[in-house]
Amino acid sequence: MNPRDLRPRRALVIGKNAVELMDIEDFLRARGWFAPIITEDVDNAARLLADTVEAFHLVIVAAPHANPQAVALIRSCVDEACPVLVINGASATAQPGQVVLMTRPFSDADLDEALTALGLPEI
C-alpha cells in the first residue's frame, strides 16, 4: 500500500443546515477523514477547489444547487475526478463512481452506501 493512501482523506462540504453539517462531519471523522472544510456558498466552494494545494477526495453538495454555479461546480469536480455526493439533487444526474445522489432524511448507513458507490470505502 502506498503511504499516501494512509493519510486521512479531505472533504469539502457545501451546506447551510448546521445540524446536518455536524452529522456529516461526525460521520466522516469517525471513518478516519480529516474534519471537512465547510462553506455555505457555492461560489466560495469553487474558489476553495481552485485554490487548494492538496486535492479534496470528496465534495458533498448539501446546499441549494439548482443554479448554474452549482451545476458548473459539480461538472468541474467530475472533470477533475473528484467524487461528488449531491443531497436532494433534483438538478444533478448520477454518474457511476463519480456523482451519487442521496435524499433527505439520511442515515449513516446511507452515507456509507454513498461513499462505497463512489469508491471511497471506510479507511
Label-to-label distance, nm, for residues given as residue 71 and residue 116 (7 Å Cα→Cβ offset): 3.3 nm
Antiparallel content of DSSP bridges confined to the chain, in %, to 5: 5 percent
Residue by residue through the stretch 36-51, which ³J(HN,Hα) values in whole Hz follow from phi under the Karplus form 6.51 cos²θ - 1.76 cosθ + 1.60 (θ = phi - 60°), with glycine and proline marked x? x, 7, 10, 9, 8, 10, 5, 5, 5, 4, 4, 5, 4, 5, 6, 8
Accessible-area ranking of 113, 54, largest first, probe 1.4 Å: 113, 54
Over the heavy atoms of residue 116, what accessible area does a 1.4 Å probe trace out, to the nearest 10 Å²? 90 Å²
With all protein chains present, calculate the accessible area of residue 10 using a 1.4 Å probe and round the result to the nearest 10 Å². 40 Å²
Along the Cα→Cβ direction, 7 angstrom out, place labels at residue 53 and residue 23. What is the inter-label distance in nm? 3.5 nm
Taking a probe of 1.4 Å and leaving out DNA, RNA and ligands, the chain shows per residue an accessible area in Å² of 56 Å²
Under a 1.4 Å probe, counting only protein heavy atoms, residue 22 has an accessible area in Å², nearest 10, of 110 Å²
Indicate the gyration tensor shape class of the chain (rounded, prolate or oblate), computed on the Cα atoms with a ≥ b ≥ c the square roots of the eigenvalues: a/c under 1.5 is rounded; otherwise a/b larger than b/c is prolate and the rest oblate. rounded
May I ask you to give the percent of accessible area on the chain that is carbon plus sulfur, with a probe radius of 1.4 Å? 53 percent
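The values are calculated or read from the model by the stated rules, or taken from the named source; none is laboratory data. Computed from a predicted structure; not experimentally measured. Because the Cβ atoms are built from the backbone with ideal geometry, glycine has one as well, and the counts that use them run over all protein chains shown. For accessibility, only protein heavy atoms count, side chains too; no ligands or nucleic acids. Shrake-Rupley method; radii C 1.70, N 1.55, O 1.52, S 1.80 Å.
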